[in-house]
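These notes concern the structure reproduced below.
None of the figures in this text is laboratory data; all of them are computed from the coordinates on show. What you see is a predicted model, and the numbers here were worked out from it, not measured in a lab. In this analysis, Cβ positions are derived from the backbone assuming ideal geometry, glycine residues included, and neighbour counts consider all displayed protein chains.
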Amino acid sequence: MAFQERVFSGMQPTGSLHLGNYLGAMLQWIKLQETHECIYCVVDMHAITVWQDPDQLRSAIRQVTAAYIASGLDPKRSILFNQSEVSEHAELAWVFNCVARLGWLNRMTQFKEKAGKDRENASVGLYVYPDLMAADILAYQATHVPVGHDQKQHLELARDIAQKFNNDFGPWIEKAGYEDGIFFPQPEPVITGLAARVMSLRDGTKKMSKSESSELSRINLTDDADTIAKKIQKARTDPEALPSEEKGLEGRPEAENLVGIYAALLGKAKADVLKEFGGAQFSVFKKALAELCVTRLVPIAVEIEHLLADEGEIDRILADGAARARAIARPVINKVKDIVGFVRT
Ligand code: TRP
């Protein structure tokens, strides 16, 4: 069976989104709206696999929602909702807990990293996190999943789960009316050229991250113009002028990062940026970069603030998204129940 192309992705509700999130993920999601039916989910159930302060979690869910809308995610065109409001995710995750094997989950590198040395004390939820992620995707029989590198292994697991489900239940899937015995698609990762890997402004070899202690290392989507300008002015560089060709960026991670940010904000190639700025000192380039960042990001910050001023409206948007998500997921889960042999009354 040919599956209708459908995009699904999820974002963790962490309050502070930064330029790395914007250029690395959000722009890509926004772009996909032009070509695909898109479902975007604030994964609050994934968030509680590690401790979350309840009041902070509540506000982070709304903040992330506002940030995505302010950046250009259109909640009418796409489906935008929070995971815990569509219980089909949890229902399917349970079935997948019974499809996935311990051995598969034991190989997940993110669990090992997040659990650290004190594995005995990690939550069970953190361990089965990838099963819930597979359920997120497959509850919509989604075919395309924009994800960063760190999530590729989880996506492979989702493919394995889809395949094992199809294999284990093949005859019953056919009985349910799927002649080829295939119920779940094999979801594929989407990596578009647009996505840029944005590095820390203090260290060009480390990813820009909300967990780095120095605020100067990242530009937050809620920063004001002065803060953005100051952070770029203080960004680490090397003493050389900018090269005029891309290969001149090799071994110069900070230069490469700043040029990459400039290029990504304009949707251009780094080579094009270097055509313009090759030979320029960083002082000149940083001015242009700060200006561009301010022009692009400040309107987003203003819009985030505007949206957050009316929580009721954000909640209505999320509720509308949840209703539309449920309308797709419910029939899928009902089929799953029939296929595995549950009685629906
Ligand atoms: N695990 C993803 C992350 O941390 C978020 C996520 C949850 C997700 N469910 C998903 C991403 C489904 C893609 C598809 O970034």
Which residue fluctuates the most in the chain, going by a Gaussian network model with Cα springs under 10 Å, if the choices are 223, 320, 168? 168
Note down the relative contact order for the chain as a percent, whole number, built from C-alpha pairs under 8 angstrom at least six residues apart. 23 percent
Skipping prolines and chain starts, which residues have an amide H placed within reach, meaning under 5 Å, of the one on residue 207, given they are 5 or more residues away or on another chain? 200
Give the separation of the Cα centroids, the stretch 63-127 to the stretch 1-62, in Å. 10 Å
Helix axis angle, 152-168 relative to the chain longest principal axis, alpha carbon, degrees: 10 degrees
Just tell me which lysines come within less than 30 Å, Cα to Cα, of residue 286; anything on the same chain fewer than 8 places away is out. 31, 206, 207, 210, 230, 231, 234, 247, 268, 270, 275
Need the list of aspartates and glutamates near residue 335 for cross-linking: C-alpha distance under 20 angstrom, and skip anything on the same chain fewer than eight residues off. 5, 88, 91, 131, 136, 160, 168, 174, 179, 180
Could you derive backbone 3J(HN,Hα) for the stretch 272-279 from the dihedral phi with the Karplus parameters 6.51, -1.76 and 1.60 (θ = phi - 60°), listing whole Hz in sequence and x where the residue is Gly or Pro? 5, 5, 6, 4, 7, 10, x, x
Counting DSSP beta bridges with both partners in the chain, what percentage is antiparallel, nearest 5? 10 percent
When a/c is below 1.5 the answer is rounded, else prolate if a/b is larger than b/c, else oblate, so apply that to the stretch 1-157 with a ≥ b ≥ c taken from the square roots of the Cα gyration tensor eigenvalues. oblate
What list of whole percents do you get for P(r) of the stretch 33-95, with Cα-Cα distances grouped in 10 Å bins up to the one holding the largest distance? 19, 46, 30, 5
How long are the semi-axes of the ellipsoid equivalent to the chain, from square roots of 5 times the Cα gyration tensor eigenvalues, in whole Å, largest first? 39, 21, 20
Once amide H atoms are built 1.01 Å from N in the peptide plane, which residues 5 or more positions from residue 6, or in another chain, come under 5 Å H to H? 143, 144
Per DSSP H run of at least 4 residues, take -39500 (n - 2.57); add these up for the chain, divide by its residues and hand me the 222 nm value, nearest 500 deg cm²/dmol. -16000 deg cm²/dmol
Please name whichever of 242, 271, 232 sits farthest to the positive end of the charge dipole of the stretch 222-306, dipole taken about the Cα centre and charges placed at Cβ: Lys and Arg +1, Asp and Glu -1. 242
So what is the relative contact order for the stretch 15-92, in percent, with contacts set as C-alpha pairs under 8 Å and at least six apart? 48 percent
What is the set of long-range amide H partners of residue 190 at a cut-off below 5 Å, with H atoms built 1.01 Å from backbone N? 145, 147
